[in-house]
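**Student:** Before I ask anything, here is the structure I am working with.
Nothing in this text is a laboratory measurement; each read-out follows from the coordinates by a stated rule. All of these numbers come straight from a predicted model, not from anything done at the bench. With ideal geometry, Cβ positions are generated from the backbone for all residues, glycine too; neighbour counts draw on all protein chains shown.
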Amino acid sequence: MAKPTSDRHQSPFRITCRELVVRPENKKEVPVIREVVREAFHPMPFSTGREWKLVEEIRQSPGYLPSLSLVALCDGMLVGHSIISLIEIEDKKKPHNALVLGPVSILPDFQRRGIGQELIRIGIVAAKRMPLPAMVVVGDPAYYSRFGFEPAVPRNIHMPFGFDEEDYLQVLELKKGALKGVQGVIKFPPSFFDEKGDLL
Ligand SMILES: CC(C)(COP(=O)(O)OP(=O)(O)OC[C@H]1O[C@@H](n2cnc3c(N)ncnc32)[C@H](O)[C@@H]1OP(=O)(O)O)[C@@H](O)C(=O)NCCC(=O)NCCS
């Protein structure tokens with residue numbers, strides 16, 4: 001996650017919600033979520049333009065966890081979405097099940113109002129109820145450290161071969177001490193890749 005290079009796509013008006021509701025997504029919301037993800041990432045210089053597709057691929061995959069795919073409704077309008085799904089951390093062929101957070105998407109006019117933080121915090125509370133040791137995220141440490149994420153490499157958790165985003169790879173221990181003995185290379189499921197093998 002980086003700051004947008006220009007504000008050209010962003011309205012000067014930022015909207016505050018009287019009522020903010022965060023809850024699991026439902027099937028009818030899929031087309032709206034697609035647009036929210038598209039619009040959120042559109043101004044970002046690092047965007048692949050395909051984050052919406054990644055969300056949809058995850059939703060169709062065995063790693064999809066319906067209760068951890070959340071929407072944020074601002075006065076009834078769907079303005080944000082976050083998804084947490086299953087991955088593995090593989091150590092010498094021994095797989096450890098774990099979670100990955102992202103993409104997280106807030107409509108530009110609704111950014112920097114605490115909605116992203118609310119979605120992520122509620123997602124983490126739900127993730128902590130799962131019998132899994134850790135959740136990883138690939139994103140800006142300046143943002144994700146506030147939720148307790150820490151750099152993954154000192155914990156001996158690495159990106160797969162050929163991916164150089166290690167500075168952005170962070171991990172959150174879901175229960176105290178749960179990461180002990182969990183190390184290795186992240187194994188993203190096929191839903192995370194396009195037909196050329198690039199991350200979506
Ligand atoms: C990143 C994102 C999810 C954060 O959600 P949000 O509701 O805008 O953020 P919040 O209001 O909860 O938090 C505000 C904090 O986030 C940081 N932040 C928000 N938007 C940011 C952006 N575009 N770039 C860098 N930092 C950003 C700010 O530093 C701010 O910190 P502060 O409280 O110290 O000022 C949202 O801005 C977004 O959808 N961005 C585009 C897509 C993206 O980059 N997704 C994350 C990568 S998966």
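**Student:** Can you find a residue that is farther than 20 Å from E165 by Cα and within 11 Å of the ligand (Cβ to nearest atom) anywhere in segment 133-141?
**Tutor:** As a first pass, look at segment 133-141 and keep what is farther than 20 Å from E165 by Cα: 133.
Next cut, within 11 Å of the ligand (Cβ to nearest atom) only: none.
Looking for residues that are farther than 20 Å from E165 by Cα and within 11 Å of the ligand (Cβ to nearest atom), one finds none in segment 133-141, hence no.
**Student:** Does G114 satisfy being small (G, A, S) and within 18 Å of V21 (Cα to Cα)? Working first, answer last.
**Tutor:** On the way: small (G, A, S): yes; within 18 Å of V21 (Cα to Cα): yes.
Yes.
**Student:** Let me ask something else about it. Please state which of the following conditions P154 fails to meet, knowing it meets all the rest: (1) away from the ligand (no atom under 14 Å from the Cβ); (2) part of a helix (DSSP H, G or I); (3) under 22 Å from G49 (Cα atoms).
**Tutor:** Here P154 clears every test but (3).
**Student:** So, one more: Tell me which residues, restricted to segment 168-190, are within 26 Å of W52 (Cβ to Cβ) and either part of a loop (DSSP other than H, G, I, E, B) or touching a strand residue (DSSP E or B) at 6+ places or on another chain (Cβ under 8 Å) (or both).
**Tutor:** Going residue by residue through segment 168-190, those that are within 26 Å of W52 (Cβ to Cβ) are 168-172, 186-190.
Hits for segment 168-190 are Y168, L169, Q170, V171, L172, I186, K187, F188, P189.
**Student:** Among the residues of segment 117-151, count how many are within 13 Å of the chain's Cα centre (by Cα), in a loop (DSSP other than H, G, I, E, B) and either among the small types (G, A, S) or at positive phi (or both).
**Tutor:** Residues flagged as within 13 Å of the chain's Cα centre (by Cα), in a loop (DSSP other than H, G, I, E, B) and either among the small types (G, A, S) or at positive phi (or both) within segment 117-151 amount to 1.
**Student:** One residue is enough: does segment 53-67 have a residue meeting the conditions within 23 Å of L174 (Cβ to Cβ) and touching a Phe, Trp or Tyr at 6+ places or on another chain (Cβ under 6 Å)? So that I can check it myself, show each step before the final result.
**Tutor:** Quick first cut of segment 53-67, residues within 23 Å of L174 (Cβ to Cβ) only: 54-55, 58-59, 61-67.
When the remaining residues are screened for being touching a Phe, Trp or Tyr at 6+ places or on another chain (Cβ under 6 Å), the result is 58.
Yes, there is a match, as at least one residue in segment 53-67 is within 23 Å of L174 (Cβ to Cβ) and touching a Phe, Trp or Tyr at 6+ places or on another chain (Cβ under 6 Å).
One line per residue, one yes/no per condition, for (1) buried (at least 19 other Cβ atoms within 10 Å of the Cβ); (2) under 22 Å from S82 (Cα atoms):
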{"site": "R112", "(1), (2)": "no, yes"}
{"site": "I120", "(1), (2)": "yes, yes"}
{"site": "A127", "(1), (2)": "yes, yes"}
{"site": "L132", "(1), (2)": "no, yes"}
{"site": "A152", "(1), (2)": "yes, yes"}
{"site": "F161", "(1), (2)": "no, no"}
{"site": "L174", "(1), (2)": "yes, yes"}
